[in-house]
1. Could you identify the single residue in Ile37, Ile44, Ile89 that is assigned to a strand (DSSP E or B), of a type in the set (A, V, I, L, M) and more than 16 Å from ligand 2 (Cβ to nearest atom)?
2. Every residue in segment 204-217 that is more than 12 Å from Val239 (Cβ to Cβ) and crowded, with 23+ Cβ neighbours inside 10 Å, please.
3. Filter segment 270-286 down to residues that are within 13 Å of ligand 1 (Cβ to nearest atom) and open to solvent by less than 40 Å² (accessible area, probe 1.4 Å) and give me whichever is farthest from Val239 (Cα to Cα).
4. Which of the residues that make up segment 294-311 are more than 10 Å from ligand 1 (Cβ to nearest atom), crowded, with 23+ Cβ neighbours inside 10 Å and not acidic (Asp, Glu)?
5. For segment 224-232, state whether one or more residues are closer than 23 Å to Asn272 by Cβ and not charged (D, E, K, R).
6. Only one of (1) more than 16 Å from ligand 1 (Cβ to nearest atom); (2) touching a strand residue (DSSP E or B) at 6+ places or on another chain (Cβ under 6 Å); (3) of a type in the set (Asp, Glu) fails for Glu329. Which number is that?
7. Of all helices (runs of 4 or more DSSP H) completely enclosed by segment 137-215, which ones contain at least 2 residues that are away from ligand 2 (no atom under 16 Å from the Cβ), touching a residue at least 40 places away in the same chain (Cβ under 8 Å) and closer than 27 Å to Asn272 by Cβ?
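The values are calculated or read from the model by the stated rules, or taken from the named source; none is laboratory data. Because the structure is predicted, anything quoted here is derived from the model rather than measured. So basically every Cβ, Gly included, is an ideal-geometry build from the backbone, and we count neighbours across all protein chains shown. What goes into the accessible areas is simple: the full protein's heavy atoms, side chains included, and nothing from ligands, DNA or RNA. Shrake-Rupley method; radii C 1.70, N 1.55, O 1.52, S 1.80 Å.
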Amino acid sequence: MKILIKNGHVVDPKTNRDGIFDILIENGKISEVGNEIEFSNGDIIDAKGKYVFPGLVDAHCHLRDPGLEYKEDIETGTRSAAMGGFTSIACMPNTNPVIDNEAMVRYVLNKAKSEGIVNVFPIGAISKGSKGEELAEIGELKFAGAVAISDDGKPVKNASLMKKALQYSSMFDITVISHCEDPELAEEGVMNEGYYSTTMGLKGIPAAAEEVMVARELILAEYTKTPIHIAHVSTELSVDLIRNAKKRGVKVTAETCPHYFSLTEAACENFNTLAKVNPPLRTQKDVDAIIEGLKDGTIDIIATDHAPHHVDEKNVEFTIAANGLVGFETALPLAITYLVKPGHLTIQQLVEKMSVNPSKILGLNKGSLEIGQAADITIVDINEEYTVDVSKFKSKSKNSPYHGFKLQGTVYETIVNGKVIVKEKILL
Ligand code: DOR
Ligand code: ZN
């Protein structure tokens, strides 16, 4: 089976390509990149006027499978990812039961093989049951196929346990991802501590709850000389701390999510539970600092933190509503609209942050259009404007604060291992 992608604007930082090229796919792999490729017997995709990217890679999502399939499962989650242009996704272990052993990792991999339509890479837990008490068997998780470890959803409260996790991770060459939140400082807070929490009479979470733990992780990474990846960075001081640590030579990488550069705490007004996320949406000053961090490379990647929840978990009082938003189907358009269009990021940087770097940080061998690579490709019109309609989402859940937003950027084609799964904006 051959497919020729013709006349698209190829942006592939790994091979230094940024221009109009054709790409030939044969037997699921990229076999040729060039101009006027000779071709017969196969399908042609006309990509004129569109960008052709290495398939997007999401380093942080929640597929809710096993145990929480009423929110999402591997089939619906990967369909949603495909619509968003993601060809590879790494899913967090806060399922029920928690993905903290070999059997659970294999379960996710097997189910992804039979029901998933994009590449799924499981992340294992740092501690057994993500309880923060006893380390999970990190070597076992790695050998079963986990690409990283994280207790995401919760912090690892005990600094000594985190230190040990880092030491083990370097033995097994597996990435540690930290959800930074000091539980005592965050207390029972439900949104960012500040003007809005005060006027709404809600308990706030101070920025310091995140920053204290970011500082701890940077110190532990420096002390153990081990890489650490900081999840969903949301505050100005977190960005400053990471920037400074990078200058010191600490092996730290960092991610943010589209909601931290496109929304502020004001989105929680009128007790809008769709804007309730953890860490919480912050202030405009923080948003500006996040964008600065993306621009200067302090923040390496944009991840979705796709966190589906059932309508019954959001249609409740703000204080008891679940944290999270569905992110796959809006992440790329949000990045284009809020970062690329205003000139904060080039297309090249966008591809680095949404494909090259996440792949590198998780060691996935994705994020490039080199010859011989599996043909994971995303074709995008960055100028097409559309209005977000959550009822059209392929995710099982619809908890997005972006319903009705006018965004630019639509995914025309998503190709995974040479198979077209989104064609002309339609999921096949
Ligand atoms: O908003 C969030 N939702 N933040 C997290 O850390 C966890 C996630 C979830 O699992 O729902
Ligand atoms: Zn988290």
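1. Ile44
2. Within segment 204-217, Ile205, Ala209, Met213, Glu217 meet the criteria.
3. Checking each candidate, the answer is Thr273.
4. Leu294, Thr298, Ile299, Ile301, Ile302, Ala303, Thr304, listed by residue number.
5. Going residue by residue through segment 224-232, those that are closer than 23 Å to Asn272 by Cβ are 232.
Add one more test, that the residue is not charged (D, E, K, R), and what stays is 232.
Taking every residue of segment 224-232 in turn, at least one turns out to be closer than 23 Å to Asn272 by Cβ and not charged (D, E, K, R).
6. Here Glu329 clears every test but (2).
7. 195-200
Yes/no matrix, rows are residues, columns are (1) crowded, with 18+ Cβ neighbours inside 10 Å; (2) over 17 Å from the mean Cα position of the chain (by Cα):
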position: Gln349; (1), (2): yes, no
position: Glu352; (1), (2): yes, no
position: Gly363; (1), (2): no, no
position: Lys392; (1), (2): no, yes
position: Lys406; (1), (2): no, yes
position: Gly418; (1), (2): yes, yes
position: Leu427; (1), (2): no, yes
